[in-house]
Amino acid sequence: MALDKKVLSILPSPLREKVIESSVLHHFPKGTEILREEQYVKGVPLVISGLVKVYSRFDDKELLLYYIEPSQSCVMTFYAALKNTPSKVFACTEEDTEILLIPVELLPVWMREFPDFNELFFNQFNLRYVELLDTIGHLLLDKMDKRLYEHLRKKSQLMNENPIKMSHSQLANELGTVREVITRVLKKLENDEKIEQTSEGIKIMGDL
């Protein structure tokens, strides 16, 4: 496997070699759905490059849960794989992405042999828990204009793009609202000179 080992520096050397030997590197184009709800997990993803969006669906509306960045994995997928239960989430690539898929059958073995492997996913659980609390705080306390602006800023930073190309419908799905609300709030943000809507996308004004 042609893989830069520096990408897996989060793992101790002996485990890193086993992961490289036993896992499969896949390339997924932008917009690829790599996991569906109720699907059984065959491999736990470790993102090498790119960005993955993890979300749930309720009444045909999406609820963004978190993003998986390089050197990160998916705790929901890890749990489903470990317990052999169907996935409760969807996952889709936000840009061209390389993912190392760790075989499910090796998880119990490596968890016993390598304590650092457990720590990797404990850290991921903690990260997602903090993000979840932050999301709940925004839902409870922030008005839609602040939520949308912060969401655009974060997305721009994650994708390293400004402007970012996103439809009003896509933003509505990710924030659990409707397109008409997003259109109205984007106009307000534009009037407040926080964003600029151009043919190239939504440009965030000021420092990111």
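Given the residues Phe117, Phe78, Phe122, which is the only one that is of a type in the set (Phe, Trp, Tyr), free of Cβ contacts under 8 Å to residues at least 40 places away in the same chain and either assigned to a helix (DSSP H, G or I) or closer than 21 Å to Tyr40 by Cα (or both)? Lay out the reasoning, then the answer.
On the way: Phe117 fails: free of Cβ contacts under 8 Å to residues at least 40 places away in the same chain; Phe78 fails: free of Cβ contacts under 8 Å to residues at least 40 places away in the same chain.
Unique residue meeting the criteria: Phe122.
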> From the list Val44, Val54, Val19, which residue is touching a residue at least 24 places away in the same chain (Cβ under 8 Å), over 12 Å from the mean Cα position of the chain (by Cα) and assigned to a strand (DSSP E or B)?
Replying inline: Val44
>> Between Ile20, Ile48, Ile68, which is touching a Leu at 6+ places or on another chain (Cβ under 9 Å), among the hydrophobic types (A, V, I, L, M, F, W, C) and either more than 30 Å from Arg147 (Cα to Cα) or not assigned by TED's automatic domain parsing to the domain that holds Trp110 (or both)?
In response: Ile20
> Which one of these does Met111 not meet: (1) under 17 Å from the mean Cα position of the chain (by Cα); (2) closer than 22 Å to Thr77 by Cα?
Replying inline: (1)
> What is the one condition in (1) buried (at least 17 other Cβ atoms within 10 Å of the Cβ); (2) among the aromatic types (Phe, Trp, Tyr); (3) within 24 Å of Leu15 (Cβ to Cβ) that Tyr79 does not satisfy?
Replying inline: (1)
> Can you name the condition, by its number, that Tyr129 falls short on among (1) over 25 Å from Ser156 (Cα atoms); (2) without any contact (Cβ under 8 Å) to a residue 40 or more places away in the chain; (3) of a type in the set (Phe, Trp, Tyr)?
Replying inline: (1)
> Can you name every residue in segment 1-16 that is modelled with pLDDT under 70 and either part of a helix (DSSP H, G or I) or in contact with a helix residue (DSSP H, G or I) (Cβ under 8 Å, 6 or more places away or on another chain) (or both)?
Replying inline: Met1, Leu3, Lys5, Lys6, Val7
> Which members of segment 151-208 meet the condition of being part of a helix (DSSP H, G or I), surrounded by 16 or more Cβ atoms within 10 Å (Cβ to Cβ), touching a Phe, Trp or Tyr at 6+ places or on another chain (Cβ under 9 Å) and aliphatic (A, V, I, L, M)?
Replying inline: Val185, Leu189
> Being buried (at least 18 other Cβ atoms within 10 Å of the Cβ), in contact with a strand residue (DSSP E or B) (Cβ under 7 Å, 6 or more places away or on another chain) and not assigned by TED's automatic domain parsing to the domain that holds Glu150, is that true of even one residue in segment 31-39?
Replying inline: yes
>> Is it the case, given these coordinates, that Arg147 is assigned by TED's automatic domain parsing to the domain that holds Lys42, within 21 Å of Phe58 (Cα to Cα) and among the basic types (Lys, Arg)?
In response: no
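The values are calculated or read from the model by the stated rules, or taken from the named source; none is laboratory data. Remember, it's a predicted structure, so these values are computed and weren't measured experimentally. Note that we place each Cβ from the backbone using ideal geometry, even for glycine, and neighbour counts take in every protein chain shown.
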